[in-house]
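Read the structure below first, then the notes.
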């Protein structure tokens, strides 16, 4: 892995929408991304994914499958397709925390907008996730 620090990302899709968080800190503060962050030295990728998802959204990880790797300098990011444990009202029980200042469920148009972190839409497209998302009804 060429000595690059590791990070994880959580791709959560539900009912044709993807869970995005607005980044509170650099890199790309103020822009929308999938939940995730750095892997601590003592953690496995799965443990880091579980921790980051809970810290940034309050969601509980129920399962994950690696879908691909991305380079977000200086990090090498393992991105996972994630299933969250759904309480009775899952979407309203989520809340931003730690490195996220907002969260939302986004459709395809929102993922492809200028307010999203560089490269996310392309990554989701290459891994077949973009085609699963609802098409924007606005406009």
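The values are calculated or read from the model by the stated rules, or taken from the named source; none is laboratory data. Keep in mind the model is a prediction, meaning the values are calculated, not measured. Quick reminder, even Gly has a Cβ in these numbers, built from the backbone with ideal geometry, and neighbours come from all protein chains shown.
Which pairs have Cβ atoms under 6 Å, sit 6 or more apart or on different chains, and link a residue in region 33-50 that is without any contact (Cβ under 8 Å) to a residue 24 or more places away in the chain to one that is not in a loop (DSSP other than H, G, I, E, B)?
50/61
Specify which of the listed residues (114, 87, 96) is part of a loop (DSSP other than H, G, I, E, B), within 14 Å of the chain's Cα centre (by Cα) and at pLDDT below 95.
When all the criteria are applied, what remains is 96.
Confirm whether residue 65 is within 21 Å of residue 29 (Cβ to Cβ) and either in contact with a strand residue (DSSP E or B) (Cβ under 8 Å, 6 or more places away or on another chain) or surrounded by fewer than 15 Cβ atoms within 10 Å (Cβ to Cβ) (or both).
So residue 65 fails the test.
Please find, among 39, 12, 72, the residue that is closer than 24 Å to residue 109 by Cα and at pLDDT 95 or above. Working first, answer last.
Working: 39 fails: closer than 24 Å to residue 109 by Cα; 72 fails: at pLDDT 95 or above.
Just a single option satisfies the conditions, and that option is 12.
Touching a residue at least 60 places away in the same chain (Cβ under 8 Å) and either surrounded by fewer than 20 Cβ atoms within 10 Å (Cβ to Cβ) or not in a strand (DSSP E or B) (or both), is that true of residue 76?
Spelling it out, residue 76 is indeed touching a residue at least 60 places away in the same chain (Cβ under 8 Å) and either surrounded by fewer than 20 Cβ atoms within 10 Å (Cβ to Cβ) or not in a strand (DSSP E or B) (or both).
If we keep just the residues of region 91-108 that are under 15 Å from residue 15 (Cα atoms) and touching a residue at least 24 places away in the same chain (Cβ under 8 Å), which is surrounded by the fewest Cβ atoms within 10 Å (Cβ to Cβ)?
Within region 91-108, the match that is surrounded by the fewest Cβ atoms within 10 Å (Cβ to Cβ) is 91.
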